[in-house]
1. Given 155, 182, which one is modelled with pLDDT under 95, of a type in the set (A, V, I, L, M, F, W, C) and surrounded by fewer than 19 Cβ atoms within 10 Å (Cβ to Cβ)?
2. Going by the conditions given, is residue 532 in contact with a Phe, Trp or Tyr (Cβ under 6 Å, 6 or more places away or on another chain), in a loop (DSSP other than H, G, I, E, B) and under 23 Å from residue 11 (Cα atoms)?
3. Give me a count of the residues in segment 192-229 that are surrounded by fewer than 24 Cβ atoms within 10 Å (Cβ to Cβ), under 20 Å from residue 168 (Cα atoms), in contact with a Leu (Cβ under 7 Å, 6 or more places away or on another chain) and small (Gly, Ala, Ser).
4. For segment 100-159, which positions are of a type in the set (Val, Ile, Thr) and farther than 22 Å from residue 293 by Cα?
5. Considering only segment 550-562, state which residues are touching an Asp or Glu at 6+ places or on another chain (Cβ under 7 Å), more than 23 Å from residue 612 (Cα to Cα) and either surrounded by 18 or more Cβ atoms within 10 Å (Cβ to Cβ) or in contact (Cβ under 8 Å) with a residue 40 or more places away in the chain (or both).
6. Is there a residue in segment 473-492 that is in contact with a Gly (Cβ under 6 Å, 6 or more places away or on another chain) and part of a strand (DSSP E or B)?
7. Of the numbered conditions (1) crowded, with 21+ Cβ neighbours inside 10 Å; (2) at pLDDT 80 or above; (3) within 23 Å of residue 483 (Cα to Cα), residue 375 fails exactly one; give the number of that condition.
8. Just one of the numbered conditions (1) outside any loop (DSSP other than H, G, I, E, B); (2) free of Cβ contacts under 8 Å to residues at least 24 places away in the same chain is not true of residue 616; which one?
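The values are calculated or read from the model by the stated rules, or taken from the named source; none is laboratory data. Bear in mind that the values here come from a model prediction, so they are computed numbers and not experimental data. Here the Cβ is made from the backbone with ideal geometry for all residues, glycine too, and neighbour counts use every protein chain on show.
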Amino acid sequence: MSSAIPGKTFLNQYRVEEFIARTPLGELFRATDERSHKPLALTLLPKSISDNAEAIKELEAESKKLQVLSHPNLVKYLGLFQTPTLAFLLEEWVDGPSLQTVFAHAPVSVNEALVYARAICGALDALHKQNHFHLNLAPELIRINEQGEIFLGGIAHANRHETPTAKYPPLYKSPEQIQHHILTAAADTYALAVILYELVTGAWINGKKAPKTNEAIGRAHLETTPPAPILLNKQIPDHFSRMILWALRKNPNERLKTTTELLSSLALAARVSVDEVPLRINLTVAPVTSAVLNEWQFLPPPKPNILTADTPPLEDRLAAISIPKKKKSRVGIIPVFIFILFAGFLSLFWFVRPAEIDIATPEPSTPFAADFTPPPTFTPLPKPTDPHGGRIAFTCTRGEYNQLCMINRDGSGLTQLTDMDASNYYPVFTPDGGSLLFSSNRNGAFDLYLLLFSEKQLFQITENIGNVVSPDYSPDGRKIVFANRAGEGPTSIWMVNTDGLNPRLVYTGANEIVATAWSPDGERIAYAMSMGIPQEFEIFTMDVDGRNHLRISQGLLGIGGSVDWSPDGKFLLIYAGPFGDKDIFKLDASTGNAIQLTDGGNNAGASYSPDGLYIVFNSLRNDDQADLYIMRADGTNQIQLTNHPEPDWGAQWVE
């Protein structure tokens, strides 16, 4: 699978750049966060974990504790993320070689090995103090940056009984892991001892190259007594050699008890104090690693993904019916449903009524560039004559980017509106149906843009106020509400005038807010806010001034990040359910009572027709291919609207 992943964008935010290595947790890739343009480490979990509900549940349960865990030698863990077809872990990227690269130049001196031992023992000790075990130690997860600092990654584990995946042999698994016994911190001590053995001898614990099969590797861990390291490298002090063998004992109760004890014993054997061991790689103590660092090609600073002057204007790309390009193979990875969540996990509550907060309002500003003409202020026109809405706008993933498409409600007239090296999504029609508002990162950060169909002109509405998603118009067409992440704070609710003037913060929630919708009477705003479980939300409403918050959703599990009002304002359209099996529900806006409208198919992103008689939504029921479907408001007569090998999602009816 690794060759098919680079170039893909997951959850509309994480672009995979290159395959790095196989690890005990899964395939490791370098990725880029398209919001912050920072490099990240993305570990694609194997199906044995991503399809294991118990393993995913344990990873989710550990995430909150791991995200706040901090140590100078631990890679910052960012969380577990899921799409309908896969799951992956994110960590900060440490740019530099891994210990696997250093292994190619092993053996190293005892003093050089001690630098690694001090860094890794310190990182493991920080984990163990939180009653968390690593259980996946491997040289590919130990990286050295340009400054010589050593970092341990991969701190999330599937569960304490997880068997090794076939793609990564159990080279650094303890005997008790192989035997599926209850595990303790001693398992990490054993794995580290295997790594140090290989580092100072240049051989695996059998005294030569590791066996090629998992069965043979397992037998070596369980039955073979490792040759003393001093027999393979005469420069190793005898007591140092004995300490490594002590940490490699088969019975975990007979090993050195802690990584701190291991480090102290190794330092004493080398006749140095722990405090004398350097905190980072330097040429004097660690010449082998220093030489590797000197030859390493470090990444240049990441550049934002922006359009060039040579990019054709969008209005020139307003086309007739687009013809889907033939693909050599079907795209297997689906970036889905909603703009990616930010990590930030809090405790669960059965009922939440957010506190009212006094919020400072930014000074009014004009967000247009000097050569930009503000969009015209429009007066809402009469509703379209077709009561069900003649057109539907949606996000259509085409290649590496999310584009905007439009289609008639009968499935005819498919038109791809954008074709650029940028992500465009959250389309919403203006109240008169003559223009389309959407979010795009075509100039770096995500901002709002307005496309006037009649004039074929594009106007930028917001500029550099954060990362803007999920806009919706007030019924009178005078204001736009949207979710925005400004700076390092959580994604909050903002408003702006339709001419782009006076962008302002309205409400900062307790957690990330990912969807907003203005009620038909103009008095309330519905929103979806995270309550601590990754990629799950609760539905709230508030007054347009950011006060009087009410939690509407009650008892539904796995609520997704979208919400839409029925035209009469009585119901809120959402999707919910277990991972990989979401359904469409409507919530009574006054009582929170939920009515299920679909049953199976993994459905999301629902939107009412202007008269409330029909609903458009996206579903993965067709061979895990995300397409648009239409059904009656009671869930009957479900009809497929689009059929494309790449995802179609996030649909909105013309208003």
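1. 182
2. yes
3. The qualifying residues number 2.
4. 155
5. Within segment 550-562, 551 is the sole residue that qualifies.
6. The answer is yes, given that some residue of segment 473-492 is in contact with a Gly (Cβ under 6 Å, 6 or more places away or on another chain) and part of a strand (DSSP E or B).
7. (2)
8. It is condition (2) that residue 616 fails.
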